[in-house]
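In what follows, a single structure is set out as structure tokens and then discussed.
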Amino acid sequence: MDSCVFCRILAAELPSSPVLETDLVVAFLDVHPANPGHTLVLPRRHVESFTELSPMEVEQLARCGQRITAALKQGFHGCEAVTVSLADGAAAGQDVPHTHLHLVPRRTGDGLVWGTAGQLQDRESLEAIASQLRTALGVSSRVG
């Protein structure tokens, strides 16, 4: 896709700082990092939504994300933890319409605010929502 910045990076039309790659996914540093070492993991194929990824792409995305997260925690100065995030759609905060996983190195007191806690829900409301999701997933009963 010509207008997708990630596709342009993958086509070597734009520069990147690659970190890791497989046959299906690529990881490179974010040019607008939340913290140093902020890495993006994305499929080579242009896919806008996480739900459009093949099972193998999901597996490689997750495995690369896990491997890079471990490397950040073990060998990246000042990294105490990693925020792993994937926004699926513009309303969720997806800034580039090409599925991508964010790996953001974190340390105590780094000042980043990642996510906002919602209002405490009563059990009845939670059960109604869980039931709707189980129906959408084709699962007929409660889990557990």
Pick from the stretch 97-110 the residues that are open to solvent by 20 Å² or more (accessible area, probe 1.4 Å) and part of a loop (DSSP other than H, G, I, E, B): which of them is nearest to Asp30 (Cα to Cα)? Pro97
Going through the stretch 30-64 one residue at a time, which ones are part of a helix (DSSP H, G or I), of a type in the set (Val, Ile, Thr) and open to solvent by 80 Å² or more (accessible area, probe 1.4 Å)? Thr51
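State which residue is farthest from Cys64 (Cα to Cα) when the search covers only the stretch 1-17 and only residues that are open to solvent by 80 Å² or more (accessible area, probe 1.4 Å), in contact with a helix residue (DSSP H, G or I) (Cβ under 9 Å, 6 or more places away or on another chain) and not charged (D, E, K, R).
First pass over the stretch 1-17, keeping only residues open to solvent by 80 Å² or more (accessible area, probe 1.4 Å): 1-3, 8, 12-13, 15.
Adding the requirement that they be in contact with a helix residue (DSSP H, G or I) (Cβ under 9 Å, 6 or more places away or on another chain) leaves 1-2, 13, 15.
Now drop any that are not not charged (D, E, K, R), which leaves 1, 15.
On the way: Met1: 24, Pro15: 21 Å.
Taking the candidates together, the pick is Met1.
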Under 8 Å between Cβ atoms, which residue pairs at least 6 apart in sequence (or on different chains) link something in the stretch 47-59 that is within 21 Å of Ser3 (Cβ to Cβ) with a partner that is among the charged types (D, E, K, R) and modelled with pLDDT under 95? none
Can you list residue pairs whose Cβ atoms sit under 9 Å apart, with the first residue in the stretch 104-117 being modelled with pLDDT under 85 and the second being of a type in the set (S, T, N, Q)? Count only pairs 6 or more apart in sequence or on different chains. Trp114/Thr83; Trp114/Ser85; Gly115/Thr83; Gly115/Ser85
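The values are calculated or read from the model by the stated rules, or taken from the named source; none is laboratory data. Note that the structure is predicted; figures quoted are calculated from it, not measured. Here Cβ is always computed from backbone atoms with ideal geometry, including for glycine, and neighbour counts include all displayed protein chains. For accessibility, only protein heavy atoms count, side chains too; no ligands or nucleic acids. Shrake-Rupley method; radii C 1.70, N 1.55, O 1.52, S 1.80 Å.
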